[in-house]
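What follows is a short report on a single structure.
The values are calculated or read from the model by the stated rules, or taken from the named source; none is laboratory data. Computed from a predicted model, the values in this text were never measured in an experiment. Neighbour counts run over all protein chains shown; Cβ positions are idealised from the backbone, glycine included. Side chains included, ligands, DNA and RNA excluded: accessible areas come from the protein's heavy atoms. Shrake-Rupley method; radii C 1.70, N 1.55, O 1.52, S 1.80 Å.
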Amino acid sequence: MAIPNQSENENISVPDEVAFSETLSDQNHQTLEEELAKVRLEMDQFRSLLQRAHADFSNYRRRIEDEHEDLIKRANASLILQILPVLDDFQRALVDLPEDASMSRWVQGVRLIQRSLQSLLESSGLSKIESIGRGFDPWEHEAVSFEETDMLDDEIVTNVIREGYSLNGKVLRPSQVIISKSPTNGDNLSEVKET
Amino acid sequence: MAKVLGIDLGTTNSCMAIVEGGEPLVLENSEGGRITPSVVATNLKTGERYVGQMAKRQGVTNPDNTIYSIKRLIGRRYSEVAEETKRVAYKIEETANKDAHVAMAGKRHQRYLP
C-alpha cells in the first residue's frame, strides 16, 4: 500500500466526527444499532451460559467428592448384602439344634465357621441392629406383622423374623420384625388381611 | 443456579433426575436408592410423615394412613375406582362433586384429593 507524502496529506481534508456522522445514511445507522443489540444479546446469552457451566462444574465436583467418600465407606456394601443370607442360614440352622447334637464336634465346627464369617463381616464395619424390646423405628425396622398383647405398649418389637444390619453406621438391611399392639386396636389387622 | 428436577411418578416407584453437563443424571434418595417407592404415610400419634421406603416399612402397622398406588386415583371420579377401592387398605370416599378422595383416619378426619 502506497504511503502518501506530506504535501498530499496536507491537501486532504479530514472530515470531523459530526461531518462523518452526517454522511451516514439513516439506514446504515439503523443497521449498526440492530447489530449492536444483537451482539449485546449474544453476550448476555454467553454470560448466562458461562455462569450455568460454572455452577454445573461446581456441583459436579462437589458430587464427585461426596460419591468418592461414600464409595470408600460403602465399597463392600453390595457384596456383604449378598453374603447376609448365608449368615441368616447359619443362624437358622443352629437355632433349633437338638440338645444331644449341640455338643458334638461336628456342630462345634459349624459354630466356629459361623463365628468366623460373622467376625470377618464385623471387621468390615457390619453390626447387628438390636431390635427386641425397642420401639418400632421404620429407619431400622420393617414391620411384617403384629402381635396383640396387653403386656407391652404399642409398637414395641416383640420378635425378629430376619436380623437387620448396618454397615459403618448406615442401615444396610432393616430388621424384619413383629411388633406389639394392644388388643383393643386390632381392627387394622383384619383390614390388612382382607387386602 | 436453579435446576429443573424431573420426576417420573410411577404407580409403584418414582425416580428423580436433573440435567447436568448436558447429560441426564438420576438422583439417589437419602438411602442411596435410585428409585423410591411411591408411598407416603403419617403417624397420627407422633405427627411424623414418612416417604418412600420408610413409609413402606411401616405400612403393616399403620394401614389406614399409608397411601400407595395413588396414581390410579388421580383425576378420577369415585364411580371409576371401584376396583382400586377393594385393593387398597386406606379409605377412599366420594365427595359431593363425585370425586374420589382419600380419607385419613384419626381424630381429625382429613380428606385429600389425589
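Assuming 0.36 nm per residue, please report the length gained on full extension of the stretch B:ALA103 to B:ILE74 beyond their Cα-Cα distance.
9.0 nm
Normalized C-alpha radius of gyration of the range A:35-157, against 2.2 N^0.38 Å?
2.03
With every protein chain in place, what's the accessible area of A:ARG115 (1.4 Å probe, Å², nearest 10)?
Only protein atoms counted, so the area is about 140 Å².
Would you kindly derive the ³J(HN,Hα) couplings of the range B:98-104 from the backbone phi angles with the Karplus curve 6.51 cos²θ - 1.76 cosθ + 1.60 (θ = phi - 60°), listing them in order in whole Hz, with x for Gly and Pro?
Calculated HN-Hα couplings, in order: 6, 6, 8, 10, 8, 9, 8 Hz.
Given N residues in the range A:126-183, what is its alpha carbon radius of gyration divided by 2.2 N^0.38 Å?
Here the Cα radius of gyration is 1.10 times the empirical estimate.
Could you sort A:MET103, B:MET54 by accessible area so the largest value comes first, with the probe set to 1.4 Å?
A:MET103, B:MET54
Nearest 20 debye, what's the magnitude of the dipole of the range A:67-121 about its Cα centre given +1 on Lys and Arg Cβ and -1 on Asp and Glu Cβ?
Value, rounded to 20: 220 debye.
Nearest 5 percent is fine: what portion of the DSSP beta bridges confined to the range A:76-193 is antiparallel?
Antiparallel: roughly 60 percent of the beta bridges in the range A:76-193.
Any idea what diffusion coefficient the protein assembly as shown gets from Stokes-Einstein, in µm²/s, Kirkwood Rh on alpha carbon pairs, 37 °C, 0.692 mPa s?
So the translational diffusion coefficient is about 126 µm²/s.
Can you tell me the convex hull volume per residue for the range B:5-109, based on C-alpha atoms, in Å³ to the nearest whole number?
It is 124 Å³ per residue.
Can you give me the relative contact order of the range B:5-109 as a percent, contacts being Cα pairs under 8 Å and 6 or more apart?
18 percent
State, as an integer percentage, the relative contact order of the range A:60-195 based on alpha-carbon contacts under 8 Å between residues 6 or more apart.
22 percent
Which whole-angstrom value gives the distance between the alpha carbon centres of the range B:32-95 and the range A:57-125?
So the separation of the two Cα centres works out to 34 Å.
Could you report the accessible area of B:GLU23 in Å², rounded to 10, computed with a 1.4 Å probe on the protein chains as they sit in the structure?
Answer for B:GLU23: close to 120 Å² accessible.
Please compute the per residue accessible area over the protein assembly as shown with all protein chains in place, 1.4 Å probe, rounded to a whole number of Å².
69 Å²
What average count of beta carbons from other chains do you get within 10 Å of the Cβ of residues in A:136-148?
Mean shielding by partner chains, rounded to a whole number: 4.
Treat each spin label as a single point 7 Å out from the Cα along the C-beta direction, and report the A:LEU79 to A:ASP154 distance in nm.
4.5 nm
With charges only on Cβ, +1 for K and R and -1 for D and E, what is the dipole size of the range A:121-185 about its Cα centre, in debye, rounded to 20?
Value, rounded to 20: 360 debye.
Report A:SER104's accessible area, 1.4 Å probe, all protein chains in place, as a number in Å² to the nearest 10.
Using a 1.4 Å probe on the heavy atoms, I get roughly 40 Å².
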